[in-house]
Structure formats: structure tokens, C-alpha cells
Amino acid sequence: MRVSDIPEINGLSTPEKILFVEDLWDSIACDESAITVPQSHVDELERRLKKHETEPGTLLTLNELRQRIEEGA
């Protein structure tokens, strides 16, 4: 289905379209069981978690992260 299939959507203002999309997303997100996660994604998350557990590395504080962002690093 495409937006052009529902003429009423084309008549909405941009703010109304944003609210519509938010409501639509909320209606999808409330039923998590209907959304399947591909096994490859689960595998990748598990791989990353194991790597973090064995090699946690150096984490930044929130302030350090903000400073790096502001400096463009």
C-alpha cells in the first residue's frame, strides 16, 4: 500500500501527517509479537555483547561524548 492509495492522507498538512505516522507507529509497536527479528540480527547482537564482555574497552562519560561531538571529533 502506498500513500497515493489513500487520498485523504495527501490532503493532510505536514504536522497532521507527522501525527498520523506517530499514531500508526504506536499501533504497530504495541504488538511486539507481530514484529519478527531476523536471526542474523540476534546473532550479531549476541556477538557484540560477548565481545563487550571479554573486551569492554574504554567507555566515555556523557560529558566526554558531548565534548567530542561539539569538537567534531
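Readers should treat all values here as calculations from the given coordinates under stated rules, not as data from a laboratory. Predicted model, so just to flag it, every value in this text is computed and none were measured. When we count neighbours, we look across all protein chains shown, and the Cβ atoms used for this are built from the backbone with ideal geometry, even at glycine.
Among L60, L45, L24, the largest mean-square fluctuation in a Gaussian network model of the chain, built with springs joining Cα atoms closer than 10 Å, belongs to L60.
Each Lys or Arg adds one and each Asp or Glu takes one away; over the other residues whose Cβ falls under 15 Å from the Cβ of D43, this sums to +2. Helix-only arithmetic for the chain: the sum of -39500 (n - 2.57) across DSSP H runs with n ≥ 4, divided by the residue total, places the mean residue ellipticity at 222 nm at -19500 deg cm²/dmol.
Enumerate by residue number the trypsin sites (Lys or Arg not before Pro) in the chain meeting two conditions: DSSP loop (anything except H, G, I, E, B), and at most 14 other Cβ atoms within 10 Å of the site's Cβ.
Loop-located and lightly packed - R2.
Among the listed options (1) 53, 37, 19; (2) 55, 19, 15; (3) 36, 20, 20, the one matching Cα extents along the principal axes in Å as calculated from these coordinates is (1).
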